[in-house]
1. In whole Å, how far is the Cα centre of segment 595-610 from that of segment 344-360?
2. Looking at segment 241-341, what % of the alpha carbon pairs are farther apart than 22 Å?
3. With an 8 Å cut-off on Cα pairs and a minimum separation of 6 or more residues, tell me the relative contact order of segment 592-648 in percent.
4. Which translational diffusion coefficient, to the nearest whole µm²/s, is obtained for segment 386-643 from the Stokes-Einstein equation, given a Kirkwood hydrodynamic radius over C-alpha pairs, 4 °C and 1.567 mPa s?
5. Kindly identify segment 351-435 as rounded, prolate or oblate by the Cα gyration tensor criterion: order the square roots of the eigenvalues as a ≥ b ≥ c, call it rounded if a/c is under 1.5, otherwise compare a/b with b/c, prolate if a/b is larger, else oblate.
6. Using the Kirkwood formula over every pair of different C-alpha atoms, what hydrodynamic radius in Å results for segment 575-649?
7. Restricting to Cα pairs below 8 Å that are 6+ residues apart, what does the relative contact order work out to for the chain? Please round to a whole percent.
8. Report, to the nearest 10°, how far helix 268-285 tilts away from the longest principal axis of the Cα atoms in the chain, using its own Cα long axis and a range of 0 to 90°.
């Protein structure tokens, strides 16, 4: 091989050149292999640094990669002396020679000094020969640069080093860019996978949420039983199936007795727990094909496919049996009862609404009559044509003041005198004759007629009391008031007017209110009762012992008297439990400073037994049946028990 000057070439130089070319060819092969087989970005950086380290014979090689926003660069790989000092460090792009190369995207070596300003040349001139750096430019973007620091064995980097490193950078940029693309693709794929998982989980959550919402839409949130909507649907499906199969179907509606008193006296949290326990007991008492639901409040319903009247009564008995054992809640034992109404398909209706209405009517008949259950009877339904006709006749009777009273005497056991009477409502229909109160009073209670009815009975009672007192008999009269009356804020003033018109002392009037009426709206009831008591009207709790009145609340009531329900008094000589209840009630009342009246005294044995308890007054068939006002006056004149006489001072009243 001849030199350019025509002189023969030095064999040693030729061998070195040949070795260098072989090295370059091997390097290019390795670079091609790297570009086609390695896609791990960090491993590509490391191999590029290692190859460059051998290519330009530098003590140290760094790979600097530009940030996506081109504001900084990071040393991603290093080989050689002190390689770890800068590895991983991130610097602003305006810092150092590396930053200069990345900003200008041009290589750096000593020859670059001529392109610098005087200040930059003075700053970097001493280090110019010890550092070489070339850009890494891919096809898609500018990547960064490869820097060599300090030529091994001393000396400076040459133009040949620059040429080799530039060629090398051009080749490895492909490998780096491929690895970056693969890394980005991998990250994108992973993000897509994670996003897919998130979407799948979100869909699962959405599905669960929709299922929960659908469940909540048709289930009671407290007991988790079907709600009214689902009960109506099950009832509709049951009716369709019964129609196809020509089979019966029953609907049982259930209302817990005195549940409101439990809520008012012990708190809603106890009431809620009680409802949950009752729901579980009912559920265990039913067949799998029966549907138990909660309609709201303390009302439940059961759809019983294939059941006629007899089968429905069997189911009702099972439900009642489920409540026989006390329910324990927070250390307190509860004995809860229930009133049940039964409606049948097809006898009482062929659609859910009509069966629900009929079952509701039957349920309230059972509650009013204190029965465990009642099968619907249209004669007891105020909305049937006959009852609507009765309502019109009642309205006419009230307008014409046709309501009458019967008076049942009360015997004082301490003095042995007849001291008063209870006024009981009576209505004699012009065509049909006497109508039992349990037939017409519920109709009045369902309408706004109960208030004028009560005032008419009050006026009759006060009038007859006045007649008796004018005849010289010192008696008082007791009248029952309903929940509707106590909710009337004008009631005290209306009673005051009646007493004034008839010249009767307020102390001669006793108003009887049941426990359930008092507890139906305790706050408002307390206000009305306080006003009445302040007028010197006596107040009595009727049918005491059948409700859930708390003793703490009883102490606050401005009442003067308790009436023990006849269901306890009547059998006290044959039932030890009833005798204990009567005796305990008398003791309780006396300890609270209250008088006690026992109802249902029908035999001498019961009279003797209740006298032994210390009971203050009694009434019942033994003393006298209810009497018309005329016969009551005759009774007072010829009574086997003495009657107190009105004093001169009272006559002057």
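1. First find each Cα centre; the distance between them is then 44 Å.
2. Values: 1596 of 5050 pairs.
Summing the P(r) tail past 22 Å for segment 241-341 gives 32 percent.
3. Working: 36 pairs, mean separation 18.7, N = 57.
Answer for segment 592-648 is 33 percent.
4. Details: Rh = 18.9 Å.
It diffuses with D of about 69 µm²/s by this estimate.
5. On the way: a/c = 4.07, a/b = 1.60, b/c = 2.54.
Because a/c hits 1.5 or more and a/b fails to exceed b/c, segment 351-435 counts as oblate.
6. Details: mean 1/r = 0.0705 Å⁻¹.
Radius from the Kirkwood sum: 14.2 Å.
7. Values: 1054 pairs, mean separation 53.4, N = 653.
Relative contact order here is 8 percent.
8. For helix 268-285, the angle is close to 90 degrees.
Laboratory data are not the source of any read-out in this text; all were calculated from the coordinates shown. In this text, all values refer to a predicted model and were calculated from it rather than measured experimentally. All Cβ positions, even for glycine, are placed from backbone atoms using ideal geometry, and neighbour counts span all protein chains on display.
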